[in-house]
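The values are calculated or read from the model by the stated rules, or taken from the named source; none is laboratory data. All values derive from a computational prediction rather than experimental measurement. In this analysis, Cβ positions are derived from the backbone assuming ideal geometry, glycine residues included, and neighbour counts consider all displayed protein chains. Side chains included, ligands, DNA and RNA excluded: accessible areas come from the protein's heavy atoms. Shrake-Rupley method; radii C 1.70, N 1.55, O 1.52, S 1.80 Å.
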Amino acid sequence: MSSPQVINPAEKLAEAKKLLGFPRIVAICGSTRFMAEMVEADVRETKAGRIVVKPGCDLKSPDELWSDPVEAEALKTRLDELHRSKILLADEVLVVGNYIGDSTRAEIAYARSLGRPVRFTHPEVDPDA
């Protein structure tokens with residue numbers, strides 16, 4: 001008797017998006033120091049007919065929501081997990097900015113481990129180039 005075929009959740013998601021006729025989904029990644037550039041990339045990608053997901057919080061900018069250092073660290077952990085979910089949802093990743101830090105490097109590695117194409121606004125910063 002053969003064992004049931006195990007279907008990868010990412011493959012199931014891709015198939016569901018295809019069946020529903022979804023446009024391509026792009027996850028924007030990069031240091032939040034490039035938030036203005038991320039907004040510009042969002043506009044360009046949206047104009048090109050793509051759904052865009054990107055970081056929603058800039059913890060480098062002051063805000064009372066993350067003014068407490070302990071709460072800010074817990075929030076950063078939750079936001080990192082949320083962004084990995086955005087990468088999983090996406091069909092491709094666009095890395096914005098001319099600097100790649102540890103978090104962005106980990107996001108790139110995660111995206112590539114899922115088989116997602118990764119584009120760069122500054123290709124010279126690709127850690128695998």
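Every condition in (1) open to solvent by less than 80 Å² (accessible area, probe 1.4 Å); (2) of a type in the set (Gly, Ala, Ser); (3) within 23 Å of Pro9 (Cβ to Cβ) is met by Gly101 except one, and the failing one is (3).
Of all the listed residues (Asp42, Asp68, Asp128), the sole one being among the charged types (D, E, K, R) and open to solvent by 70 Å² or more (accessible area, probe 1.4 Å) is Asp128. All conditions in (1) closer than 11 Å to Cys29 by Cα; (2) touching an Asp or Glu at 6+ places or on another chain (Cβ under 6 Å); (3) open to solvent by 20 Å² or more (accessible area, probe 1.4 Å) hold for Val96, with the sole exception of (3). Please work out which residue is nearest to Ala36 (Cα to Cα), limiting yourself to the stretch 95-115 and to residues that are in a loop (DSSP other than H, G, I, E, B) and of a type in the set (A, V, I, L, M, F, W, C). Within the stretch 95-115, the match that is nearest to Ala36 (Cα to Cα) is Val96. Against the list (1) open to solvent by 30 Å² or more (accessible area, probe 1.4 Å); (2) more than 24 Å from Ala14 (Cβ to Cβ), the condition Arg112 fails is (2).
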